[in-house]
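The values are calculated or read from the model by the stated rules, or taken from the named source; none is laboratory data. No experiment lies behind these values; they were computed from the predicted model shown. Backbone-built Cβ (ideal geometry, glycine too); neighbour counts: all protein chains shown. Note: areas computed on protein heavy atoms with side chains; ligands, DNA, RNA excluded. Shrake-Rupley method; radii C 1.70, N 1.55, O 1.52, S 1.80 Å.
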Amino acid sequence: MFITFEGPEGSGKSTQIPTLAEFLRAQGRRVLTTREPGGTEIGEQIRAVIHDLKNTAMHPHTETLLYQAARAQIVEQIIRPHLIAGGIVLCDRYADSTIAYQGYGHQQKLDDVRLLVRYATEGLKPDLTLLLDIDVETGLARKQGEEWNRLDAYAVDFHRRVRAGYRQMAREEPQRWVIIDASQPPEFVATAIRECVTGRV
Ligand code: TMP
C-alpha cells in the first residue's frame, strides 16, 4: 500500500509520519518512510538545488522538471521495489505536490504538468492520500524557525493557490483523498490519521 501525505507549509506531515510508521510497525507491517524531493542520494542533491534560497532566478519550468527528476529516481530506486515486495510506503509529499505547487501555485497549464508527472512516475499513483489541511498564515507561522526554503519564501497568494489546489484535487478524487484538520493538536491529528489508515490497510 502506497500512502502519501500532502499539505501546505507547516501542516505537520513530518511529525505525523514517524508516529503512523511506529503504529503500523507495531502491528508487524513492513513500513518504509521517505520524503520528496529527496529520499535518494541523487534526489537529495536535486533538493538542495531547488530549495537553495540563492536560486531566486529559477524559472517555474526548471523547478517543475527538477522535482520530476528527483521523483523518477525515488520511484524506481525506493518506492516501487518496496511496494512490489509487499510493504507499505509512507511518503512525505509526492506527485500531488507538483500539481498543487507548480500547477496551481505557479498557474502553469495543469495538463502539461500532469503529463510530466506521469512520465516521472510511470503512472504510479498512491492508494491513499492524506491532506493535512491548515490555513496558510498559521502554517507559514509554524514553519518559521524550521528549514526555511526558496518555496516558503513565495508570496502568501502563491500558498493560498496551493491550498485551494489541494482542496480541489481532494474534491475531484474523494475515493483516494482524506482531508484531516491539521490545526488540531498533534495527538488529535495522529488519532484521525490512524483511524483512517486502519480502515484501509
Ligand atoms: P518540505 O520538505 O518542508 O515539505 O519542503 C518541500 C517543499 O517543496 C515544499 O515547499 C513543497 C515543495 N514541493 C513542490 O513545490 N513540488 C513538489 O513536487 C514537491 C515534492 C515539493
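Results, tabulated for the structure shown:
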{"quantity": "Order of exposure, largest accessible area first, which applies to Asp92, Asp52 with probe 1.4 Å", "calculated": "Asp52, Asp92"}
{"quantity": "Glu41 accessible area, assembled protein chains, probe 1.4 Å, Å²", "calculated": "150"}
{"quantity": "Gained length - Glu122 relative to Ala57, 0.36 nm times residue gap less alpha-carbon distance", "calculated": "20.4 nm"}
{"quantity": "Phe23-His82 FRET efficiency (beta carbon distance; Förster radius 25 Å; 0.05 resolution)", "calculated": "0.90"}
{"quantity": "Estimated D of the chain in µm² per second, where Rh is the Kirkwood radius over Cα pairs and Stokes-Einstein applies at 10 °C, 1.306 mPa s", "calculated": "93"}
{"quantity": "Between segment 70-138 and segment 1-60, the Cα center-to-center distance that results, in Å", "calculated": "10"}
{"quantity": "Rough spin-label spacing in nm, given labels placed 7 Å along Cα→Cβ, for Asp112 and Glu187", "calculated": "4.9"}
{"quantity": "Per residue accessible area of the chain, 1.4 Å probe, in Å²", "calculated": "48"}
{"quantity": "Distance (nanometres) between label positions extended 7 Å along Cα→Cβ at Val201 and Ile42", "calculated": "3.0"}
{"quantity": "Electrostatic dipole magnitude of the chain [Cβ: Lys, Arg +1; Asp, Glu -1; Cα centre; debye, to 20]", "calculated": "340"}
{"quantity": "For segment 93-197: rounded, prolate or oblate by the Cα gyration tensor [a/c cutoff 1.5]", "calculated": "oblate"}
{"quantity": "Label-to-label distance, nm, for residues given as Ala69 and Gln175 (7 Å Cα→Cβ offset)", "calculated": "3.7"}
{"quantity": "Relative contact order %, the chain, counting alpha carbon pairs below 8 Å whose residues are six or more apart", "calculated": "33"}
{"quantity": "Separation of alpha-carbon centers, segment 139-157 and segment 166-201, rounded to whole Å", "calculated": "23"}
{"quantity": "DSSP beta bridges in the chain [antiparallel fraction, %, rounded to 5]", "calculated": "0"}
{"quantity": "Tensor-based shape of segment 155-195 (alpha-carbon gyration tensor, a/c under 1.5 rounded, otherwise prolate or oblate)", "calculated": "oblate"}
